[in-house]
């Protein structure tokens, strides 16, 4: 499995910034513990921000997109 990497939002400052495969839920800004998601071509990985060491849940990309479309 190869994760899709994306540049840090701070990359626009001209400096060398880290690229990340995992990104936090947009609701993480409210101070609550949320989930992180990493995407691969055919699957999506989901993990708990409070317990990253416990691993992740792997969801087929098609099912993930279907879930998101039902939630919107």
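Results, tabulated for the structure shown:
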read-out	value
Positions within the range 37-46 being in contact with a helix residue (DSSP H, G or I) (Cβ under 9 Å, 6 or more places away or on another chain) and either surrounded by 12 or more Cβ atoms within 10 Å (Cβ to Cβ) or over 18 Å from residue 21 (Cβ atoms) (or both), in sequence order	37, 39, 40, 43, 44, 46
Residue check, residue 4 in contact with a strand residue (DSSP E or B) (Cβ under 6 Å, 6 or more places away or on another chain), modelled with pLDDT of 80 or more and outside any helix (DSSP H, G or I)	no
Pairs, first on the phi > 0 side of the Ramachandran plot and surrounded by 13 or more Cβ atoms within 10 Å (Cβ to Cβ) in the range 47-72, second assigned to a strand (DSSP E or B) and at pLDDT 90 or above, C-beta under 9 Å, six or more apart	none
Residues that are in a strand (DSSP E or B), under 17 Å from residue 25 (Cα atoms) and at pLDDT 90 or above, drawn from the range 47-69	57, 58, 59
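The values are calculated or read from the model by the stated rules, or taken from the named source; none is laboratory data. The model shown is predicted, which means the values in this text are computed figures rather than measured ones. Glycine also receives a Cβ, built like all others from the backbone with ideal geometry; neighbour counts cover every protein chain displayed.
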